[in-house]
Amino acid sequence: MKNPLAIAAAAALLAAPAHAADKLHLYNWNNYIAPETVKRFEALCKCEVVQTYYSDNEELLAKLAAGAKGYDVLVPTANVVQPLIKGGQLKPLDKAQLPNLKNVDPAYMNTPFDPGNQYSAPYAMSTTILGYNDEKMKELGLPTDTWAVIFDPKYLEKVKGRVTVLDSSSELFAAALKYLGYSANDTDPKHWDEAAALIKKAKPYWAAFNASSYIKELTVGNIWLVHGYSNDIFQANLDAQAAGRKFHILQGVPKEGAVLAVDNMVIHKAAPRPDLALKFINFMLDGKNSAELTNLIGSGNPNLDAQQYIKPELLKYPAIFPPKALQAKLEQLQDLTPAQRRLRNKLWTEIKASK
Amino acid sequence: MRRRSPWLCACALAAYAFLYIPLVIVVVYSFNDSRLNAEWVGFTLDWYRKLFQNDEMLTAAGNSLLIGLTASVVSTVLGTMAGMAMYRYKLRLLPLLVLTPIAIPEILMGVSLLIFFVMLNITLGLVSVALAHIAFCIGFVAIVVRARLAGMDESLVEAARDCGASPWQTFRYVTLPLIMPGVIAGALMAFTLSIDDFVITFFTAGAGTVTLPLQIYSMIKIAVTPEVNAVSTLLMLLTLLLIVVASRLSPNLLRSDQETAP
């Protein structure tokens, strides 16, 4: 009984120095890669994956802008890839080393953020949609396929105090603009005023602007309807089932369209191991590996090859593999100019201060 | 004895409740048999078991302890020297230099330290984080030590010198024992500041260096699990233990008042 352990320990000790130099430094979101995927990659490349985490794109930008290095692969959201490219922070991808890039749905390639995908390869994504308590919404006879349900007082009256929206000016304005029939990236000040008026009118009916605890509130049953991220809504349902609730937390995709956020793998310009970085990116573009993340956290998946490896029960979530008709209505948010940002902040402050 | 006003009691009670109820809730839910921090389901030690199998969390906790101990020891020595210097020589510039790090916004300090380390080509890691923590802890220790010195009876030092003690002996056998409560309080303060610092650590930590606050913060986006409650409970226990040990070592250590002297 003891011997094999001792041998294994000795082998590990002996093997350690040889592996010590081979490390891939991944700067990632927390819980954004399946542990078994990491293990398989480590076995494949005979290296160690060292992860460090950030919880906000701005954190990543600030840290790299100040000159931090030592990271190989980063996983920023598309609209942050753009400033990273402009800031000369990224190394172009050698596509000859990325045969699996062909697995990615063309709908998510060649975006304005990185034309021709010179620097970035899609990793996973989320959409900003409706999440709801199926029992309650059915009982109240409310629709779950339109932004009207969080903006129109006609519906809101029935769920007053049971609705939360994201505490994010860009996400909430995008939803309001979509509801009004404009693009989420519309920058016409008149349209923004309309959106602000719409939000102010709906605000008294909302329980809160909430960006972090709505998963829990949904699960507990305090909140019945949220404007939130698809991954969070998925998590809320898992938690609700695990806690033995009778209701489900479902995803509702508004027919007016929604915001899409695609996270991309990029290589830092000062990457100590660009060779391992490319190997890792190609590995993650493999359908099986990509599917493991979706199976774990219910993230949207831009990889067509992953579809066959997804747990069948996940296919009912529209946000995981958005169908073609929906894809056309999803928009990725673009950055605002400083002048637009000032106007947006002013409107947002007015909204927050309004009664 | 003065009669205690019921109002005063009520206010004190409310203040203590405000301080301690959140902590109690964290501890209670670390034993809850549910992933949600929402309702009591049943007692379990599962989260502690999971915690001790979670390598990432343990590494982070180990790093935090190592950095906290290093930072508190080094900054206590340097901070005590700085505090004495500020007290002894009434220099105008010195307090400014020592105390500025307390006043500057943390984010500014974090970013400037990061730029500084990058400029010097220091690889970001445990060492850079420890250096940064020492830098911001010195000021706190110095303040506490100086306050203690200000309350010290100067004639004791003079008496020691009159009796023929060397400057070192005077320091070792008279000054240091008298300011010890301040020094230990400073060290405890440095340790707690270091172990829960997020902003400065975030900027000065390199690839692969994770401390407990960084680890917990990055989990917030994806709903905090009771493992975080468990690790917080253990940290609280550790802090409590430190305070108990410190107060055992020197019973009036945590009292800053001088009036107790007859």
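Which of the residues spanning region B:170-225 are in a loop (DSSP other than H, G, I, E, B) and either away from chain A (no Cβ under 14 Å) or touching a His at 6+ places or on another chain (Cβ under 7 Å) (or both)?
B:ASP196, B:ASP197, B:ALA207, B:GLY208
From (1) part of a loop (DSSP other than H, G, I, E, B); (2) more than 14 Å from every other protein chain (Cβ to nearest Cβ), pick out the condition that doesn't hold for A:ASN282.
If we test A:ASN282 against (1) part of a loop (DSSP other than H, G, I, E, B); (2) more than 14 Å from every other protein chain (Cβ to nearest Cβ), just (1) comes out false.
Please verify whether A:VAL81 is under 16 Å from A:ILE281 (Cβ atoms) and within 14 Å of another protein chain (Cβ to nearest Cβ), treating the condition exactly as stated. I'd like the intermediate steps shown before the answer.
Numbers: under 16 Å from A:ILE281 (Cβ atoms): yes; within 14 Å of another protein chain (Cβ to nearest Cβ): no.
No, not satisfied.
How about region A:220-256: which of its residues are in contact with a strand residue (DSSP E or B) (Cβ under 8 Å, 6 or more places away or on another chain), of a type in the set (S, T, N, Q) and without any contact (Cβ under 8 Å) to a residue 24 or more places away in the chain?
Of everything in region A:220-256, just one residue is in contact with a strand residue (DSSP E or B) (Cβ under 8 Å, 6 or more places away or on another chain), of a type in the set (S, T, N, Q) and without any contact (Cβ under 8 Å) to a residue 24 or more places away in the chain, namely A:ASN237.
Considering region A:83-93 alone, what residues qualify as being closer than 16 Å to A:PRO272 by Cα and assigned to a loop (DSSP other than H, G, I, E, B)?
Listed by number, the residues that qualify are A:GLN89, A:PRO92, A:LEU93.
Pick from B:ALA82, B:ALA10: which is buried (at least 18 other Cβ atoms within 10 Å of the Cβ), part of a helix (DSSP H, G or I) and either among the aliphatic types (A, V, I, L, M) or within 14 Å of chain A (Cβ to nearest Cβ) (or both)?
Unique residue meeting the criteria: B:ALA82.
For A:GLN332, state whether it is among the polar types (S, T, N, Q) and surrounded by 13 or more Cβ atoms within 10 Å (Cβ to Cβ).
Details: among the polar types (S, T, N, Q): yes; surrounded by 13 or more Cβ atoms within 10 Å (Cβ to Cβ): yes.
In short, yes.
How many of the residues making up region A:23-56 are at pLDDT below 90 and more than 11 Å from chain B (Cβ to nearest Cβ)?
0
Suppose we filter B:ALA147, B:ALA160, B:ALA142, B:ALA135 for residues that are assigned to a helix (DSSP H, G or I) and crowded, with 22+ Cβ neighbours inside 10 Å; which single one remains? Even if it seems obvious, please write down each step before you answer.
On the way: B:ALA147 fails: crowded, with 22+ Cβ neighbours inside 10 Å; B:ALA160 fails: crowded, with 22+ Cβ neighbours inside 10 Å; B:ALA135 fails: crowded, with 22+ Cβ neighbours inside 10 Å.
The match here is B:ALA142.
Cβ-Cβ below 6 Å, separation at least six or inter-chain, first residue in region A:278-291 and free of Cβ contacts under 8 Å to residues at least 24 places away in the same chain, second of a type in the set (Gly, Ala, Ser): which pairs?
Close Cβ pairs satisfying both conditions: A:ALA291/A:ALA306.
Of everything in region B:85-124 that's part of a helix (DSSP H, G or I) and polar (S, T, N, Q), which residue is modelled with the lowest pLDDT? Even if it seems obvious, please write down each step before you answer.
Step one: list which residues in region B:85-124 are part of a helix (DSSP H, G or I), which gives B:85-88, B:93-103, B:106-119.
Of the ones still in play, those that are also polar (S, T, N, Q) are B:100, B:112.
Working: B:THR100: 88, B:SER112: 91.
By that ranking, first place goes to B:THR100.
Would you say A:ALA270 is over 24 Å from A:THR146 (Cβ atoms), of a type outside the set (Val, Ile, Thr) and either surrounded by fewer than 24 Cβ atoms within 10 Å (Cβ to Cβ) or at pLDDT below 95 (or both)?
When the stated conditions are applied, A:ALA270 passes them.
For the structure I just gave you, tell me whether A:LEU24 is at negative phi and either aromatic (Phe, Trp, Tyr) or not in a helix (DSSP H, G or I) (or both).
Values: at negative phi: yes; either aromatic (Phe, Trp, Tyr) or not in a helix (DSSP H, G or I) (or both): yes.
Spelling it out, A:LEU24 is indeed at negative phi and either aromatic (Phe, Trp, Tyr) or not in a helix (DSSP H, G or I) (or both).
Please work out which residue is farthest from the other protein chains (Cβ to nearest Cβ), limiting yourself to region A:237-257 and to residues that are assigned to a loop (DSSP other than H, G, I, E, B) and either of a type in the set (Gly, Ala, Ser) or in contact with a Gly (Cβ under 9 Å, 6 or more places away or on another chain) (or both).
Residues of region A:237-257 that are assigned to a loop (DSSP other than H, G, I, E, B), as a first pass: A:243-248, A:253-257.
Filter again for either of a type in the set (Gly, Ala, Ser) or in contact with a Gly (Cβ under 9 Å, 6 or more places away or on another chain) (or both), leaving A:243-245, A:247, A:256-257.
Values: A:ALA243: 6, A:GLY244: 9, A:ARG245: 10, A:PHE247: 14, A:GLU256: 27, A:GLY257: 25 Å.
Per the criteria, the residue is A:GLU256.
The values are calculated or read from the model by the stated rules, or taken from the named source; none is laboratory data. The structure presented is a predicted model; accordingly, all values stated were derived computationally and were not measured. Cβ: placed from backbone, ideal geometry, glycine included. Neighbour counts: every protein chain shown.
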